[in-house]
1. Tell me, please, whether a residue that is over 30 Å from LEU250 (Cα atoms) and touching a strand residue (DSSP E or B) at 6+ places or on another chain (Cβ under 6 Å) can be found in the range 42-56.
2. Criterion first (surrounded by 14 or more Cβ atoms within 10 Å (Cβ to Cβ), in contact with a Leu (Cβ under 9 Å, 6 or more places away or on another chain), more than 30 Å from GLN59 (Cβ to Cβ) and at pLDDT 80 or above) does ALA256 satisfy it?
3. Just give me the residues in the range 259-281 being assigned to a loop (DSSP other than H, G, I, E, B) and surrounded by fewer than 17 Cβ atoms within 10 Å (Cβ to Cβ), in sequence order.
4. For the range 399-409, check the following and say yes or no: at least one residue is under 27 Å from SER519 (Cβ atoms) and either of a type in the set (Val, Ile, Thr) or open to solvent by less than 20 Å² (accessible area, probe 1.4 Å) (or both).
5. Restricting the search to the range 448-492, which residues are under 48 Å from the mean Cα position of the chain (by Cα), touching a residue at least 12 places away in the same chain (Cβ under 8 Å), open to solvent by 80 Å² or more (accessible area, probe 1.4 Å) and farther than 30 Å from GLY379 by Cβ?
6. Does ALA383 satisfy the criteria of being surrounded by 13 or more Cβ atoms within 10 Å (Cβ to Cβ), within 19 Å of ARG444 (Cα to Cα) and of a type outside the set (Ser, Thr, Tyr)?
7. Yes or no: ASN492 at pLDDT below 75, more than 30 Å from GLN399 (Cα to Cα), not in a loop (DSSP other than H, G, I, E, B) and not β-branched (Val, Ile, Thr)?
Amino acid sequence: MTAQEVRLCGLLLQEHFGDVVEKVGTHLIRSGVLTLRALAYETKLALDLVKKSLCVLVQHGMCTFGAGRRGPAGPVEYRINCEHILHMLRYPRYIYTAKSLYGDTGELIVEEILQRGQMTMSSTVKTVADRLTHNMPEGQSMDYSEVVSAFSRLVETHFLQRCPPMASAGSSSSEAVDTPIPALSQPAEPESHPECYKLPYINLTGQGKRRRSSEDGEDDQRAAKKAKTDNSECGDEGIYWQVNFQRFHLHFRDQAIISAVSCKLDQTSSEIVRTMLRMSEVTTPAHAAFTQALSANECKQSGIKALIVFHQIFRALPPSYNIARPILDQYLTLLVDDPMEFVGKTGDSGGGMYVVNLHRALANLARATLESVVQERFGSRSARIFRLLLRKRHLEQKQVEDFAMVPAKEAKDMLYTLLSENLVQLQLTSCPPPDYFCNTATRRLLEKSQRIEAILASLQATGAETAQLTEVEEMITAPERQQLESLRHHINKYYTNRLDSSENQVDETIFLLESYINSTQASR
């Protein structure tokens, strides 16, 4: 893990949970695996504070534990989960997605569970119903059944999942520190639990309660205490729920594919792909290269509504589009024949069997993202060269000049810029011309400026006279100084001043490239 990632994880922990949790979490990141006693000793924190910090991290799925190097009989060791810490950057996006799909109720359900890490269904329903009631006009209230319905839909579409139960309920007292607990082990992955998406029956009727503004703090404390005592009365005690981050990420991936189809073809084509993805959203494995494909008989026997047959796609399309069967057949043929290969045809039964080529779609999106980055940073001609190298794989400089129709000097400068930014690689097949590695004028000027700044800093440290400093400063001519100022202005304009507004776009780009890398690794 890079130093910047460690620093980012520390800042996120500090912002959400405070300095103590940040100190414990950051130390675990740097150390890898530690026991409770070792962690308390190395961080110089009180044992109770370390216990509470680990409880917070485990509660939010950011820390795992298990048998240590001494085996099951040894003390429990703790390991940080950096990926889940970085998920906090996407909390607003998860909440907004829930709102767009399931309205205000879905938004508050996801928000509450993200804030607390894990919650029972009954506690979540009561809390959300109270919050919605508080924002309603006087005399109106939110019924528990409506919140239960929204919670059920989130579970059915796998946006929420049960926290996996402990492998065995090893008991330990609060006085134990590193006492061997052979029966205690970290729960398995949620998906491996057979009842991961099974809703419990809860005995919960009523409506949300309005709280008085002057007693908000007291009411929150009462609600927290009451939730602990009420869980046993609702029938879901011990069954906790958490946000399924992977399912949200799959939704983001699907939305990126739908948006790409809309830009490449039209809105109707994107709606067809949206329908296909929706039909297989809970049946396709997370890292599958294609959407799930079943035969018509298998669908009928298993009761799974899977994406495949032409007639199923036709019936699942929104009625507002009013697409006739021949038109749908033409659209599907167009999608299959498109060079982007987002949709593939795997059979002819039932009017045709279709799948969405997820890996190919991610590869095309990642490629388009890289091309866009090159064009934004280095211009359209550099992007033309970059696309040419992507398509041809290997080209000599003379071939790049000919195919891209760019003058030799400009092609050389652009290739060097792309090479210096690690966007292209150089493979020597023969002795290059002597001037191949010459620096561009801008690079030479920047290096000259850096050398002069270093000389000035050295002279100032030794107490040089003003005349000497002026003489060194004049080594950069007025035109060169103007060019440097223009370059700095360009950097400030396009990088520094836009950092805040570009955070979401950067996250989308990182997510897209990570999805492509994970898909590539899974397909090997």
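1. Within the range 42-56, the subset over 30 Å from LEU250 (Cα atoms) is 42-53.
Now narrow it down to the ones that are touching a strand residue (DSSP E or B) at 6+ places or on another chain (Cβ under 6 Å): none.
Within the range 42-56, not a single residue is over 30 Å from LEU250 (Cα atoms) and touching a strand residue (DSSP E or B) at 6+ places or on another chain (Cβ under 6 Å).
2. Details: surrounded by 14 or more Cβ atoms within 10 Å (Cβ to Cβ): yes; in contact with a Leu (Cβ under 9 Å, 6 or more places away or on another chain): yes; more than 30 Å from GLN59 (Cβ to Cβ): yes; at pLDDT 80 or above: yes.
Judged against the criteria, ALA256 is a match.
3. Taking the range 259-281 first, the residues assigned to a loop (DSSP other than H, G, I, E, B) are 265-266, 280-281.
Within the range 259-281, ASP266 is the sole residue that qualifies.
4. Initial filter on the range 399-409 (under 27 Å from SER519 (Cβ atoms)): none.
The answer is no, given that none of the residues of the range 399-409 is under 27 Å from SER519 (Cβ atoms) and either of a type in the set (Val, Ile, Thr) or open to solvent by less than 20 Å² (accessible area, probe 1.4 Å) (or both).
5. Residue satisfying the conditions is GLU473 alone.
6. Working: surrounded by 13 or more Cβ atoms within 10 Å (Cβ to Cβ): yes; within 19 Å of ARG444 (Cα to Cα): no; of a type outside the set (Ser, Thr, Tyr): yes.
For ALA383, the condition - surrounded by 13 or more Cβ atoms within 10 Å (Cβ to Cβ), within 19 Å of ARG444 (Cα to Cα) and of a type outside the set (Ser, Thr, Tyr) - is not met.
7. On the way: at pLDDT below 75: yes; more than 30 Å from GLN399 (Cα to Cα): yes; not in a loop (DSSP other than H, G, I, E, B): yes; not β-branched (Val, Ile, Thr): yes.
So ASN492 fits the description; yes.
A quick yes/no check of all residues on (1) at pLDDT below 90; (2) aliphatic (A, V, I, L, M); (3) farther than 26 Å from LEU250 by Cα:
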| site | (1), (2), (3) |
| --- | --- |
| MET121 | yes, yes, no |
| LEU132 | yes, yes, yes |
| MET142 | yes, yes, yes |
| SER171 | yes, no, yes |
| GLU189 | yes, no, no |
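The values are calculated or read from the model by the stated rules, or taken from the named source; none is laboratory data. No experiment lies behind these values; they were computed from the predicted model shown. FYI the Cβ positions are ideal-geometry reconstructions off the backbone, even for glycines, and counts take in every protein chain you see. Protein only, heavy atoms only, side chains kept; ligands, DNA and RNA dropped before computing areas. Shrake-Rupley method; radii C 1.70, N 1.55, O 1.52, S 1.80 Å.
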